[in-house]
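Single-structure report; data block below.
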Amino acid sequence: MAETETDVEALLRDVFDLFSKSRNSPLLGLMSPAARSRGKISRVTFNTALRPIWNTFAGNQADFVYHALNSYLHTWIPVLRRNDASRNITNPTLFRAIMLLFPAAAERVSNRHGEEYTVNNFSEVLDPFFSRVKKSDLKQPRGSPVALHETFKRVMESGFSIGRR
């Protein structure tokens, strides 16, 4: 029986390959295309993390998806480093929770900057969140990715207030 690849699966494959091979990728050297490997993100984990947010990209090409997610992940790396959790980007629970938070972060970037999904723009909208997130949620992610995402979402929304700047 021949296997057929859907359009979504083909795009996921292309995005995975870009993260795996691009010199500017925050995941360069941390991807495992064929099998599970400790300290690496498997193709299965990557696809599982991106499927729930795939509608966010509504028909965009792999290069666009890669650029937006690459900028987003580049904002996470220094935060993980500061919290002694840089290796945890490959933790399936944390990686999936980070991906689940992407649509909310991207929406804030879009509201402020249009389609300019840059590291600076993601940093601008995520820095308040990063200042409030618990180190333990990054260093020792527990529970399900959905539960951790809900925690992240509450933290992201908790600091909002209307006032003068």
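Under a 10 Å cutoff between Cα atoms, tell me which one of Glu115, Glu107, Glu150 has the largest fluctuation in the Gaussian network model of the chain.
Glu115
For the chain, modelled as a Gaussian network with Cα springs under 10 Å, which listed residue fluctuates most, Ala85, Ala35, Ala58?
It is Ala58.
Hand me the chymotrypsin sites (Phe, Trp or Tyr not before Pro) from segment 76-165 located in a DSSP loop with no more than 16 other Cβ atoms within 10 Å, in residue order please.
Of the chymotrypsin sites (Phe, Trp or Tyr not before Pro), the ones in loops of segment 76-165 whose Cβ has at most 16 other Cβ atoms within 10 Å are Phe160.
Give me the percent relative contact order of segment 7-105, please, defined on Cα pairs under 8 angstrom at least 6 residues apart.
Value for segment 7-105: 29 percent.
For segment 33-75 and segment 137-157, what is the separation of their C-alpha centers, rounded to whole Å?
Cα centroid to Cα centroid, the span is 18 Å.
Pop a pseudo-label 7 angstrom from the Cα along the beta-carbon direction at both Lys134 and Arg112 and give the gap in nm to one decimal.
2.6
Lys153: which aspartates and glutamates have alpha carbons under 17 Å from its alpha carbon, excluding same-chain residues fewer than 8 sequence positions away?
The qualifying aspartates and glutamates are Glu107, Glu124, Asp127, Asp137.
Residues of segment 39-53 with backbone nitrogen within less than 18 Å of a virtual label 7 Å along the Cα-to-Cβ line of Ser86, please, listed as ranges.
What the label zone holds, given the 18 Å backbone N cut-off, is 39-41.
Readers should treat all values here as calculations from the given coordinates under stated rules, not as data from a laboratory. This is a predicted model, so every value here is computed, not measured. Cβ coordinates were reconstructed from backbone atoms using ideal geometry, including for glycine residues, and neighbour counts include every protein chain displayed.
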